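Inspection log for the structure reproduced underneath, given as structure tokens.
Each reported figure results from applying straightforward, stated rules to the coordinates on display, with no laboratory input. Since the model is a prediction, treat every value here as computed from it, not as a measurement. Note that each Cβ is placed from the backbone with ideal geometry, even for glycine, and that neighbours are counted across all protein chains shown.
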Amino acid sequence: MDYQQILESIRRDITPLEKEGKQADYIPALAAVNPDQWGICINTLKGEQYALGDWQVPFSLQSITKVFALAMALSLEGDNLWLRMGKEPSGTAFNSLIQLELEHGKPRNPFLNSGALVMADVLVERLGNPEASFINLVRQLSGCPSIDFNFEIARSEHSVAYLNTAIANLLKYHGNIHGDIDRVLRFYFMICSVEMSCEQLAHAFLAFANHREPFDHAGFALTSSQVKRMNAIMQTCGFYDEAGEFSYLVGLPGKSGVGGGIAAVFPGQYSVAVWGPRLNAKGNSVMGMKTLELLTTHTRQSIF
């Protein structure tokens with residue numbers, strides 16, 4: 001498979017979409033990002049790497065980091081984690097209060113903001129220094145010790161955290177946040193602020209592509225069965241209320257973020273990270289979605 005030639009073909013094919021969508025301007029620090037960037041990196045389990053565009057430019061991962069948080073929370077809690085959240089697609093926006101209220105404070109899945117806040121609560125409760133534990137895991141998975149939080153982005157998100165604060169208060173009302181709300185929110189914004197390049201992100205997701213091997217990184221261990229089930233949740237819940245469309249067009253487990261990034265895996269074969277800051281109405285990267293659709297079309301490889 002000549003992945004490099006395929007990436008160059010995809011780059012030509014997505015050119016008409018370059019100006020579609022806009023970056024996440026509701027977060028001040030993200031509104032300042034140059035939206036006219038695009039990059040992709042594929043890492044195979046055989047150790048090969050293929051990349052194009054702005055693949056070494058760091059960007060804010062935002063909700064993609066919820067996959068790392070899930071790995072940590074699942075390692076610590078096991079199946080008890082599912083007593084506090086579900087595994088179902090939401091069908092509503094990632095920051096919906098309505099669904100959370102109707103379902104009595106139990107998030108539909110871990111990749112909604114409400115689900116991620118519950119996971120943040122678990123990590124704050126179970127770990128002495130959750131920030132250090134989280135960034136250490138990300139550094140080990142990516143093989144890059146310089147990866148860090150972006151404190152400016154974390155502060156920027158905190159400054160406009162009205163809806164997330166409302167979600168946290170509703171969770172607290174229903175007993176699904178145990179700790180201090182502000183502490184949990186601050187940790188959550190730190191998680192979302194992590195910056196990585198496509199190269200680093202693709203490397204970090206190799207551990208999820210290789211689901212036949214046990215996951216054991218930075219003191220957090222998952223069985224191969226748990227990693228496989230994480231892939232299932234990425235497949236059904238990883239793209240807000242556009243998960244069905246992504247499954248239909250792309251056919252890979254993955255997770256998007258409003259920073260414009262998408263990470264996905266072809267289990268047993270490769271991990272891929274793509275970035276394009278301009279988002280569609282559902283909060284997913286316009287260029288990223290089309291890139292991955294064309295990748296599985298040209299390679300004729302998906303999980304289906």
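Overview of values
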read-out	value
Calculated from backbone phi, Karplus (6.51, -1.76, 1.60) coupling profile of the stretch 2-12 in Hz, x at Gly/Pro	8, 4, 5, 5, 5, 4, 5, 5, 4, 4, 5
Normalised convex hull volume, the stretch 161-217, alpha-carbon set, Å³ per residue	139
Under-5 Å amide H pairs with residue 177, H placed in peptide plane, nonlocal only	172
Quarter of the Cα convex hull surface for the chain, i.e. its orientation-mean projected area (nm²)	13.6
Principal-axis tilt of helix 224-237 within the chain, Cα atoms, nearest 10 degrees	90
Those residues of the stretch 68-92 whose amide nitrogen sits under 14 Å from the label point placed on residue 225, 7 Å along Cα→Cβ	78-80
For residue 59, distant residues with modelled amide H under 5 Å away	196, 197
Relative contact order %, the chain, counting alpha carbon pairs below 8 Å whose residues are six or more apart	28
Cα-based helix-to-principal-axis angle, 181-193 vs the chain, degrees rounded to 10	10
Calculated from backbone phi, Karplus (6.51, -1.76, 1.60) coupling profile of the stretch 80-89 in Hz, x at Gly/Pro	4, 4, 6, 6, 10, 7, x, 10, 9, x
Debye-sum result for the stretch 1-106 in log10 I(q)/I(0), which assumes one identical scatterer on each alpha carbon, at q = 0.15, 0.20 Å⁻¹	-1.00, -1.16
Distance from the stretch 1-68 to the stretch 234-297 (C-alpha centre basis), Å	10
When each of 106/290; 172/228; 22/228; 22/255; 87/282; 66/87 is checked by Cα-Cα distance, pairs over 22 Å	106/290; 172/228; 22/228
